[in-house]
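Undergrad: This is the structure I have questions about; it appears just below.
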There are 2 protein chains.
Amino acid sequence: MTEGKIDFPVAQVRRYLEPGPIVLVSSAWRGERNIMTMGWHTVMEFTPALIGCVIAAGNHSFELVRRSRECVINLPTVALLDATVGIGNCSGADVDKFEKFKLTAAPAQKVKAPLIVECHANFECKLKDDALVERYNFFIFEVVKAHVARRPKYPRTLHYTGDGAFMLSGKIVSRRGQFRPEML
Amino acid sequence: MTEGKIDFPVAQVRRYLEPGPIVLVSSAWRGERNIMTMGWHTVMEFTPALIGCVIAAGNHSFELVRRSRECVINLPTVALLDATVGIGNCSGADVDKFEKFKLTAAPAQKVKAPLIVECHANFECKLKDDALVERYNFFIFEVVKAHVARRPKYPRTLHYTGDGAFMLSGKIVSRRGQFRPEML
């Protein structure tokens, strides 16, 4: 079900998340599943591979994630722009978003939340620290398994600027030669 | 010193930070000043305007920020790509980065850390919560004042992918019409 994707080192997920794309968070709890659109996240550590993110308590996904203590962070590309917008503008309390947006759920390996097959990458996450969930809705996850499509090397990701406008990822420039080796 | 920039509503800084750009953090403490390059940050709340970010303890800026409990988050554009790389590959323990990279420091209004004039935007920040500093080097700041250049509307920002490679921000597409009004 994740054909075309390879295992990817979890210590390197910054490669896909540090540029700041909108992601889709899938979750499951007691027979229910859901997807939410998320823009507020950051890498926090390489090893363990930590991601911090805000899942507002008003989201239907909040309770699924909080109770299951798991989720999958999926990386959509420009082909999924309209689905991504749609997912962020309806509630899992009313619809099954996999069906509504014709997305394929595949079993994950280390969590019960489903992978979204159509996304470029899928990061299986377990809740590492909930110290700031009550105060800020801020979850700290550890990425325990990563699946990434072989191609393209640089997917065209979506970056939300507010007010309904997205920045699409642009060209890649390397400055590798200007880095100290230990900074790479 | 911030000519060409206007006051910007702090509740809307997501406009510039949610897309995930590399930023420059300026700080000052007891006559010393510094700049660091930072890629690990996220918006956490609109009001108060909260930004969470990782400033690793090994950085010279760590103590300046921790002791002063303030910083400025500055938004560089593609014109500052080489300076941004250079700033991330040397230490404030050895050089004054404003001088080395020919950047202009201007006084901020609500914090003692300096603004970097050449950046597209400057967000003055006060430390709001240090609960996760010890465990994760994770600082939660409140943006207390924002300055943004009038033009261009969408600056060409830098998004780090690791391994010395940057993604430059690409074209803007609007899906405003597909949003529920309360989601805008």
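Throughout, read-outs are computed from the coordinates displayed, never taken from laboratory work. Only a predicted model underlies this, so the values are computations on that prediction, with no experimental measurement involved. All Cβ positions, glycine included, derive from the backbone under ideal geometry; neighbour counts span all protein chains shown.
Undergrad: Amide H of B:R175 versus every other amide H placed in the peptide plane: which residues, excluding those fewer than 5 positions away on the same chain, fall under 5 Å?
TA: Result for B:R175 returns A:A165, A:F166.
Undergrad: For A:G177, go 7 angstrom from Cα along the Cα-to-Cβ vector, then report the distances to that same point in the other copies in nm, smallest first.
TA: Nearest first, the other copies' label points are 4.8 nm away.
Undergrad: Given the rule -39500 (n - 2.57) for each run of at least 4 DSSP H residues, summed and divided by the residues of chain A, what is its mean residue ellipticity at 222 nm, to the nearest 500 deg cm²/dmol? Before the final figure, lay out the partial values.
TA: Working: 5 runs with 29 residues, N = 184.
Mean residue ellipticity at 222 nm (helix-derived): -3500 deg cm²/dmol.
Undergrad: B:C90 label points, 7 Å along Cα→Cβ, one per copy: pairwise distances from this copy to the rest in nm, shortest first?
TA: Ordered by distance, the counterparts are at 5.5 nm.
Undergrad: Which lysines, if any, have their Cα less than 26 Å from the Cα of A:K112, not counting same-chain residues under 8 positions apart?
TA: Here the lysines satisfying the reach criterion relative to A:K112 are A:K5, A:K97, A:K100, A:K102, A:K126, A:K128, A:K145.
Undergrad: Another one. If we hang a label 7 Å off Cα along the beta carbon direction at B:D163, how far is it from the matching labels on the other copies, in nm, shortest first?
TA: 3.6
Undergrad: Treating only the Cβ atoms of Lys and Arg (+1) and Asp and Glu (-1) as charged, compute the dipole magnitude of the protein assembly as shown about its Cα centre; round to the nearest 20 debye. The partial results should precede the final answer.
TA: Details: 50 positive and 38 negative charges, 140 e Å.
With Lys and Arg at +1 and Asp and Glu at -1, about 680 debye.
Undergrad: Taking every alpha carbon pair in chain A, what does the distance histogram look like in 5 angstrom bins from 0, in percent?
TA: Reading upward from the zero bin: 1, 8, 17, 21, 22, 16, 8, 3, 2, 1, 0.
Undergrad: If you take each beta carbon of peptide B:56-68 and count the beta carbons of other chains within 10 angstrom, what is the mean? Intermediate values should be presented prior to the final figure.
TA: On the way: counts 1, 0, 0, 0, 0, 0, 0, 0, 0, 0, 0, 0, 0.
So the per-residue partner count for this stretch is 0.
Undergrad: Something else about it: About the Cα centre of chain B, what is the dipole size in debye to 20, counting +1 per Lys and Arg Cβ and -1 per Asp and Glu Cβ, all else neutral?
TA: On the way: 25 positive and 19 negative charges, 131 e Å.
Computed about the Cα centre, the dipole is about 640 debye.
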